[in-house]
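The next block holds one structure in the form of structure tokens; read it before the comments.
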Amino acid sequence: MLSDWTTEIPGVTVVAARDYLAAEDRSYPPGLRVYNLCRSYRYQRSGYYVSLLAAARGHRPLPDVATIQNLKTTTLARLAGDDLEETIERSLRPIASDTFELSIYFGQNLAARHQRLARALYNLFPSPLLRAQFRRGKAWRLTSLRALGLDEVPASHRAFLGDAARAWLGKRRRTATPKREGGYDMAMLVAEEEHDAPSNAQALAAFEKAARRNGFQIERIDRNDFAEIPAYDALFIRETTRVNHHTYRFASRAAAEGLVVIDDPVSILRCTNKVFLAERLARAGVATPPTLIVHRGNMEQVEARLGLPCVLKQPDSAFSRGVVKAETRKELHSALERLLSGSDLIVAQGFVPTAFDWRVGILAGVPLYVCRYHMAEAHWQIVRHGPEGKKDEGNTDTLPVEAAPPALLRTAVAAARVIGDGLYGVDIKQVGNRFMVIEVNDNPSIDGGIEDEVLGEALYDRIMAEFARRVATRKAASGQGEGSDRG
């Protein structure tokens with residue numbers, strides 16, 4: 001009922017469900033965001049049909065029908081992954097009782113200490129009004145999560161609900177207006193606090209300018225904006241990716257919603273686990289240093305197969321972390337025990353000393369840039385990590401793709417091909433005329449003043465032009481055409 005809602009918000013129109021459902025198809029322009037606050041979302045009831053028809057009309061309902069159905073059918077034990085379990089425990093640990101109820105209004109809770117938990121649940125099930133119930137056992141666990149009707153909000157919560165709605169709807173809601181003709185919308189996922197981010201501030205600004213030159217409205221988002229993914233045409237991840245991480249969930253959600261996404265979830269899976277990558281490169285016949293996938297059954301063979309020194313890598317190592325050089329038999333056995341205690345499989349490679357590593361940036365199977373990353377001074381890696389987060393990095397230099405050794409480029413393209421057709425950074429060592437792939441990185445570093453040293457803004461334009469090409473191709477295939485809205 002309209003009387004259930006008393007908060008006035010500039011630019012927001014309150015409509016009774018019956019009026020919205022009875023309206024002619026073109027009574028409302030496409031591109032609107034519809035916040036469904038009906039008392040019930042039961043199948044084939046008014047609340048259900050509001051979300052269903054909103055999607056059919058080119059509007060963006062919250063919740064959408066998929067969320068309504070998932071709230072009914074999702075097994076909560078499957079929902080509560082490691083990240084959520086940790087968030088639940090941290091939020092509820094001080095509570096004395098054995099049960100707890102959490103009300104979530106537009107992703108917010110009245111208590112600031114529960115805000116992270118409220119937002120996490122909202123991101124999993126984007127719905128304006130939610131209520132979660134928890135029970136304490138050996139640890140706190142989520143026992144119930146459901147969408148609320150507006151009539152179920154207590155009178156004592158109404159003022160907070162109004163404030164939460166104003167805050168949410170007052171944010172830059174690009175989805176509240178139709179898109180520009182011929183334009184697309186892109187989200188760029190970043191983490192402002194990340195120390196080893198794949199792009200520095202200069203590069204992020206250059207990406208934004210290039211996006212606009214190539215027909216995109218671009219908006220930076222962070223891990224709290226998971227629910228907004230369907231509002232975009234493309235997702236560009238500029239945050240370090242991992243599988244057991246929100247970056248992978250963003251990529252998977254974006255791919256499922258039909259967005260063009262770099263890094264795509266398949267590339268993240270293939271690149272961020274070095275065990276998978278080693279097996280994949282070997283099967284494709286791509287040259288690598290001598291490599292052995294190590295487990296407790298063959299750990300005694302490492303020295304005989306690879307010699308000393310050798311390099312050991314935990315599967316999800318990145319930025320030179322989780323990579324160990326074993327000089328002696330004692331160091332080897334100690335490192336093996338430590339790494340195998342955290343993963344049943346690790347990667348061992350023969351040590352190949354070089355003054356620098358090649359990095360070839362590949363986009364859609366075509367070399368994009370070529371850099372030399374020199375080793376940190378008096379160190380065997382390009383980055384030396386010191387105490388308290390300090391690090392030393394070697395120098396870098398960038399050269400035109402056409403000036404790079406042809407065999408280097410062929411090797412890089414072959415390595416990228418076994419991963420996919422995304423944006424990759426292929427790390428290669430050169431010994432004489434031999435080129436050996438160390439790894440293929442999804443989400444490669446692109447920093448202003450380094451990787452763009454040769455191409456300048458053209459580097460960013462090429463990436464954004466590829467995004468635009470893929471979005472246009474996908475929309476043409478689905479019959480949406482340029483400038484059409486996502487439902």
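Once the range 83-119 is narrowed to residues that are among the hydrophobic types (A, V, I, L, M, F, W, C), under 16 Å from Trp168 (Cβ atoms) and free of Cβ contacts under 8 Å to residues at least 60 places away in the same chain, the residue that is most open to solvent (accessible area, probe 1.4 Å) is Leu110.
Checked against the criterion of being touching a residue at least 24 places away in the same chain (Cβ under 8 Å), open to solvent by less than 30 Å² (accessible area, probe 1.4 Å) and assigned to a helix (DSSP H, G or I), the range 354-371 contains not a single residue that satisfies it. Contact annotation: no residue pair with Cβ atoms under 8 Å, 6 or more positions apart or on different chains, pairs a residue in the range 444-462 that is at pLDDT 95 or above and basic (Lys, Arg) with a partner that is outside any loop (DSSP other than H, G, I, E, B) and surrounded by fewer than 19 Cβ atoms within 10 Å (Cβ to Cβ). Residues in the range 61-79 include none that are over 30 Å from Tyr232 (Cβ atoms), more than 27 Å from the chain's Cα centre (by Cα) and open to solvent by 10 Å² or more (accessible area, probe 1.4 Å). The one condition from (1) modelled with pLDDT of 95 or more; (2) over 11 Å from Val294 (Cβ atoms) that Leu332 does not meet is (2). Of all residue pairs spaced 6 or more apart or on separate chains, those with beta-carbon atoms under 8 Å, a first member in the range 188-201 that is acidic (Asp, Glu) and a second member that is in a loop (DSSP other than H, G, I, E, B) are Glu192/Asp222; Glu194/Glu239; Glu194/Thr240; Asp196/Thr240; Asp196/Phe319. For the criterion of being open to solvent by less than 10 Å² (accessible area, probe 1.4 Å) and either of a type outside the set (D, E, K, R) or within 27 Å of Asp427 (Cβ to Cβ) (or both), Val260 passes. Filtering the range 96-113 to residues that are over 24 Å from Trp5 (Cβ atoms) and not hydroxyl-bearing (Ser, Thr, Tyr) leaves Ala96, Asp98, Phe100, Ala112, Arg113.
Filtered by the rule that a residue be more than 21 Å from Asn70 (Cα to Cα), free of Cβ contacts under 8 Å to residues at least 60 places away in the same chain, open to solvent by 60 Å² or more (accessible area, probe 1.4 Å) and more than 26 Å from the chain's Cα centre (by Cα), the range 126-173 gives Arg135, Arg136, Lys138, Ala155, Ser156, Ala159, Asp163. Considering the range 419-452, and only residues there that are open to solvent by 30 Å² or more (accessible area, probe 1.4 Å) and over 28 Å from Val352 (Cα atoms), the residue that is nearest to the chain's Cα centre (by Cα) turns out to be Asp421.
Hey, could you check the range 277-304 for residues that are touching a residue at least 24 places away in the same chain (Cβ under 8 Å) and more than 21 Å from Phe435 (Cβ to Cβ) and say which is surrounded by the fewest Cβ atoms within 10 Å (Cβ to Cβ)? Per the stated criteria, the residue is Arg296. Of all the residues in the range 229-245, those that are open to solvent by 10 Å² or more (accessible area, probe 1.4 Å) and within 21 Å of Leu117 (Cβ to Cβ) number 2.
Scanning the range 316-365 for residues that are among the basic types (Lys, Arg) and under 30 Å from Ala468 (Cα atoms) yields a count of 1. Kindly indicate whether Arg131 is among the charged types (D, E, K, R) and either under 16 Å from Glu89 (Cβ atoms) or in a strand (DSSP E or B) (or both). Yes, satisfied.
Considering only residues that are over 22 Å from Asp264 (Cα atoms) and part of a helix (DSSP H, G or I), which ones fall in the range 409-448? Passing the criteria: Leu409, Arg410, Thr411. Output the residue which, of all residues in the range 372-393 that are touching a residue at least 60 places away in the same chain (Cβ under 8 Å) and not in a strand (DSSP E or B), is most open to solvent (accessible area, probe 1.4 Å). Per the criteria, the residue is Gly389. Total residues in the range 86-108 satisfying the condition of being of a type in the set (Ser, Thr, Tyr), under 17 Å from Pro128 (Cα atoms) and outside any strand (DSSP E or B): the figure is 0. For the range 274-301, a residue qualifies if it is part of a loop (DSSP other than H, G, I, E, B) and closer than 19 Å to Ile362 by Cβ, and the qualifying residues are Gly285, Val286, Ala287, Thr288.
Can you tell me how many residues within the range 209-224 are in a helix (DSSP H, G or I) and crowded, with 19+ Cβ neighbours inside 10 Å?
At the first step, the residues of the range 209-224 found to be in a helix (DSSP H, G or I) are 209-213, 223-224.
Applying the additional criterion that residues be crowded, with 19+ Cβ neighbours inside 10 Å yields 210-211.
Of the residues in the range 209-224, 2 are in a helix (DSSP H, G or I) and crowded, with 19+ Cβ neighbours inside 10 Å.
One residue alone among Ala335, Ala364, Ala378 is in contact with a helix residue (DSSP H, G or I) (Cβ under 9 Å, 6 or more places away or on another chain), more than 26 Å from Asn433 (Cβ to Cβ) and small (Gly, Ala, Ser), and that residue is Ala364. For the range 302-334, a residue qualifies if it is in a loop (DSSP other than H, G, I, E, B) and of a type in the set (Asp, Glu), and exactly one does: Glu327.
Looking only at residues of the range 246-257 that are open to solvent by 20 Å² or more (accessible area, probe 1.4 Å) and assigned to a helix (DSSP H, G or I), we find that the one that is nearest to Glu228 (Cα to Cα) is Arg253.
The values are calculated or read from the model by the stated rules, or taken from the named source; none is laboratory data. Keep in mind that this is a model prediction, so the values were computed, not measured. A quick note on method: Cβ atoms are made from the backbone with ideal geometry, for glycine too, and the neighbour counts reach across all protein chains shown. Heavy atoms of the whole protein, side chains included, go into the accessibility calculation; ligands, DNA and RNA do not. Shrake-Rupley method; radii C 1.70, N 1.55, O 1.52, S 1.80 Å.
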